[in-house]
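First up is the structure itself, then whatever we jot down about it.
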Amino acid sequence: MKTLITNIEIIDAAGRRPGKILIEDGKIKKVYKEKGLVRVEFDEEIDGGGYALLPGFIDMHCHLRDPGFEYKETMETGMKAALKGGFTSLVAMANTKPIIDNPGDLKKNRMKASELDLCQLIQVSALTRNFGEDDMVDFDSLRPFTNVFSNDGVSILREDIMIKGLEASTVYDFILLTHCQPETSLVKRDIELLEKVGGHLHVCHISKKDTLEAIGLAKDKGLDITCEVTPHHLFASAMEYKVNPPFRTYPDRRALIEGIKDGVIDMFGTDHAPHSEEDKKKGAPGIDNFEIAFSMYYTVFEQNGIKLEKLSEMLSEGPAKRLGLKAGLIKERYPADLVLVDLNWEGKINPKEFISKSKNNPFGGETLKGKILMTIVKGNVKYDDYRSTI
């Protein structure tokens, strides 16, 4: 099957240019950099309507709630929501029921994702068994199936456990994702340990200026550390809506935006955390934002004069590099994971229209820019809000 995408502006971390793309067998076969006629055989043509075509987004941090909490979200509803938001690959946390800390449960989720054939799943394994404080997981048996380990939702408070995790990340060559509460003090401790024993560290959902400064200093020392920021921590400050970490001050939010400009923040993670209405009323922290994450990021970028190429880098190339994936760019022989976007669209958020099973989002009525029109995974259209209207 050969698909030719025409009449597009190609945008990725490498730049923006007009062109056409030929897709074959799930990969980008050829990138044509000119607007002229293309003499090539193809089975299907997608007229991009002059819209922007970006690499598919990779979410470094999300919660699919499956297995065990399907009343909040299922893998299917979560992935369909993610596709609507332009996400083609998802790094899903292990805080399910049961906690994913063994090869059997991890492989079950991978198989479920394969059968659904929606997004590509990178299933995280817990670092310790049942998120406990004593036993590390069996890295030998788990490492063939994932290169991401995290007790997300549970901070690693014991220093000896953190040391073991960092050391294992070197021995088994994986990324250790940390959820740090209290944020700055625990991040500083982890940086000290990283400098002492080495390892591959990724700090989830940073939200404070002091945390950003500590990570910047660690990078100056050449330590292997990356970090992410959520759409809601960039978009708003000082809100009472319960998320973890909480909404911070306006100076903190401004510092995060500057952290994007100067390159200290490497990538984005939605921290999509769906809850039932009842659980949210009981105080469960979390926000449902797969479907509007791009628009929130893009709106902030537009307001602050940050180029779209940088946005693509943080949504696609950055996480791909950290995860060791050959993805995240519109380049020949790369996966045909692509997103067609209307950059001129403006509209208001309406959580009632979410595909996600949950609707827990406090930004209803806010105006955003940018809309996902089509999401393509391995050359196949998985979400289409575009061709049905032309």
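The values are calculated or read from the model by the stated rules, or taken from the named source; none is laboratory data. Since this is a predicted model, take the numbers as computed values, not measurements. Cβ atoms come from the backbone with ideal geometry, glycine included; neighbour counts cover every protein chain shown.
Take the conditions (1) among the β-branched types (Val, Ile, Thr); (2) part of a strand (DSSP E or B); (3) over 16 Å from Leu308 (Cβ atoms); Ile355 misses just one of them, which is (2). Given the structure, is Ile206 in a helix (DSSP H, G or I), in the same structural domain as Pro245 (by TED's automatic domain parsing), modelled with pLDDT of 95 or more and hydrophobic (A, V, I, L, M, F, W, C)? The answer is no for Ile206.
Look at the stretch 1-25 and say how many of its residues are touching a residue at least 24 places away in the same chain (Cβ under 8 Å) and assigned to a strand (DSSP E or B). Walk me through how you get there before you give the answer.
Residues of the stretch 1-25 touching a residue at least 24 places away in the same chain (Cβ under 8 Å): 1-16, 21, 23-25.
After this cut, where a residue has to be assigned to a strand (DSSP E or B) as well, the list is 2-12, 15-16, 21, 23-24.
Matching residues across the stretch 1-25 total 16.
At pLDDT 95 or above, outside any loop (DSSP other than H, G, I, E, B), of a type outside the set (D, E, K, R) and surrounded by fewer than 18 Cβ atoms within 10 Å (Cβ to Cβ): is that true of Val339 in this structure? Answer is no for this residue.
Here the helices (runs of 4 or more DSSP H) wholly within the stretch 55-144 that include at least 3 residues being touching a residue at least 60 places away in the same chain (Cβ under 8 Å) and within 29 Å of Glu313 (Cβ to Cβ) are 75-84. Quick one: Gly165 ticks every box in (1) of a type outside the set (Val, Ile, Thr); (2) closer than 22 Å to His272 by Cβ; (3) crowded, with 24+ Cβ neighbours inside 10 Å bar one, so which box is it? Condition not satisfied by Gly165: (2). Every listed requirement among (1) crowded, with 22+ Cβ neighbours inside 10 Å; (2) in a loop (DSSP other than H, G, I, E, B) is met by Arg39 save one, (1). Taking Gly370 as meeting all but one of (1) on the phi > 0 side of the Ramachandran plot; (2) free of Cβ contacts under 8 Å to residues at least 60 places away in the same chain, write down the number of the exception. So Gly370 meets the others, but not (2). Among residues of the stretch 150-176 that are assigned by TED's automatic domain parsing to the domain that holds Leu186, those with a beta-carbon under 6 Å from a residue that is of a type in the set (Gly, Ala, Ser) and not in a strand (DSSP E or B) at least six positions away or on a different chain give the pairs Asn151/Ala126; Leu166/Gly199; Ser169/Gly199; Thr170/Gly198; Thr170/Gly199; Leu176/Gly165; Leu176/Ser169. Arg322 passes every criterion in (1) surrounded by 15 or more Cβ atoms within 10 Å (Cβ to Cβ); (2) in a loop (DSSP other than H, G, I, E, B); (3) not aromatic (Phe, Trp, Tyr) apart from (2). Contact annotation: residue pairs with Cβ atoms under 6 Å, 6 or more positions apart or on different chains, pairing a residue in the stretch 259-276 that is hydroxyl-bearing (Ser, Thr, Tyr) with a partner that is crowded, with 24+ Cβ neighbours inside 10 Å and not in a loop (DSSP other than H, G, I, E, B), are Thr270/Asp59; Thr270/Cys62; Thr270/Ala293.
Restricting attention to the stretch 233-281, the residues that are acidic (Asp, Glu), in a loop (DSSP other than H, G, I, E, B) and surrounded by fewer than 20 Cβ atoms within 10 Å (Cβ to Cβ) total 2.
This table checks each residue for (1) without any contact (Cβ under 8 Å) to a residue 24 or more places away in the chain; (2) of a type in the set (S, T, N, Q); (3) under 21 Å from Tyr172 (Cα atoms).
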| position | (1), (2), (3) |
| --- | --- |
| Ile206 | no, no, no |
| Leu212 | no, no, no |
| Cys227 | no, no, yes |
| Met239 | no, no, no |
| Asn244 | no, yes, no |
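Among the residues here, Ser169 qualifies as outside any loop (DSSP other than H, G, I, E, B), in contact with a strand residue (DSSP E or B) (Cβ under 6 Å, 6 or more places away or on another chain) and hydroxyl-bearing (Ser, Thr, Tyr). No other residue among Glu24, Glu44, Glu34, Glu9 is farther than 21 Å from Thr270 by Cβ and touching a Ser or Thr at 6+ places or on another chain (Cβ under 6 Å) apart from Glu44. Scoring Asp160 on the criteria (1) surrounded by 13 or more Cβ atoms within 10 Å (Cβ to Cβ); (2) part of a helix (DSSP H, G or I) leaves a single failure, condition (1). Would you mind stating whether Asp135 is of a type in the set (D, E, K, R) and surrounded by 21 or more Cβ atoms within 10 Å (Cβ to Cβ)? No, not satisfied.
Would it be correct to say that Ser312 is surrounded by fewer than 24 Cβ atoms within 10 Å (Cβ to Cβ), among the polar types (S, T, N, Q) and either farther than 19 Å from Ala92 by Cβ or touching a residue at least 24 places away in the same chain (Cβ under 8 Å) (or both)? Spell out the reasoning first.
On the way: surrounded by fewer than 24 Cβ atoms within 10 Å (Cβ to Cβ): no; among the polar types (S, T, N, Q): yes; either farther than 19 Å from Ala92 by Cβ or touching a residue at least 24 places away in the same chain (Cβ under 8 Å) (or both): yes.
No; evaluated as a whole, the condition is false for this residue.
Among the criteria (1) surrounded by fewer than 16 Cβ atoms within 10 Å (Cβ to Cβ); (2) touching a residue at least 24 places away in the same chain (Cβ under 8 Å); (3) closer than 30 Å to Leu308 by Cα, the one Glu34 does not fulfil is (2). Of all residue pairs spaced 6 or more apart or on separate chains, those with beta-carbon atoms under 9 Å, a first member in the stretch 323-342 that is without any contact (Cβ under 8 Å) to a residue 40 or more places away in the chain and a second member that is of a type in the set (Gly, Ala, Ser) are Lys326/Ala320.
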